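> Shown below is the structure under consideration.
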Amino acid sequence: MKLNEYIEEESITVSELSRRSGVPVVTLWRYVKGEQKTIKPETALAICEATDGKVSLLDLLFPDHDLTVEVRRKKP
């Protein structure tokens, strides 16, 4: 889920998300508006955790791509 979709669907303000994530309001607004495409991994993780994973790391790190991840256990 995209960050702007999350904010709309959850009826949460950017200020509240900032409080939950520790990410500055101005930084969140830049991501929401699409003014900033790159994001630091630690910022993406903070947003992901604050949204309970609804906005995934892939959504934040690769906003212009529709990606999925397959997790497999390594064979010993």
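> As a quick test, which of the pairs Lys2/Lys40; Lys54/Lys74; Lys40/Lys75 have an alpha carbon distance above 20 angstrom in this structure? Kindly include the intermediate steps, with their values, before the conclusion.
On the way: Lys2/Lys40 16 Å; Lys54/Lys74 27 Å; Lys40/Lys75 32 Å.
Violating the 20 Å limit, Cα to Cα: Lys54/Lys74; Lys40/Lys75.
> Further question on the same structure: At 222 nm, what value in deg cm²/dmol follows for the chain if DSSP H runs of at least 4 each add -39500 (n - 2.57) and the sum is divided by all its residues, to the nearest 500? Mind showing how you got there, number by number?
Numbers: 5 runs with 40 residues, N = 76.
Counting only the DSSP helices, I get -14000 deg cm²/dmol.
> With an 8 Å cut-off on Cα pairs and a minimum separation of 6 or more residues, tell me the relative contact order of the chain in percent.
It comes to 34 percent, rounded to a whole number.
> Just to confirm the filter: which trypsin sites (Lys or Arg not before Pro) across the range 1-52 are DSSP coil and have at most 13 other Cβ within 10 angstrom of their Cβ? List each step's numbers first, then the result.
Details: sites: Lys2, Arg19, Arg20, Arg30, Lys33, Lys37; in loops: Lys2, Lys37.
In loop regions of the range 1-52 (DSSP not H, G, I, E or B), the sparsely surrounded trypsin sites (Lys or Arg not before Pro) are Lys37.
> Ok, one more. Need one number: nm distance between label points at Leu57 and Glu9, each 7 Å from Cα along Cα→Cβ, rounded to one decimal.
Each label point is offset 7 Å from its Cα along the Cβ direction, giving 2.0 nm.
> Okay, next question. Give me a comma-separated list of calculated 3J(HN,Hα) values for the range 52-66, in order, Karplus coefficients 6.51, -1.76, 1.60 applied at θ = phi - 60°, integers in Hz, x for any Gly or Pro.
Each residue's phi maps through the Karplus curve to give 6, x, 5, 9, 7, 4, 5, 4, 7, 6, 10, x, 9, 10, 9 Hz.
> Going by the alpha-carbon gyration tensor, a ≥ b ≥ c the square roots of its eigenvalues, is the chain rounded (a/c under 1.5) or, if a/c is not under 1.5, prolate (a/b greater than b/c) versus oblate?
Taking the square roots of the gyration eigenvalues as a ≥ b ≥ c, the chain is prolate.
All of the numbers you see were taken from the coordinates with simple rules; none came from a lab. Keep in mind the model is a prediction, meaning the values are calculated, not measured. A quick note on method: Cβ atoms are made from the backbone with ideal geometry, for glycine too, and the neighbour counts reach across all protein chains shown.
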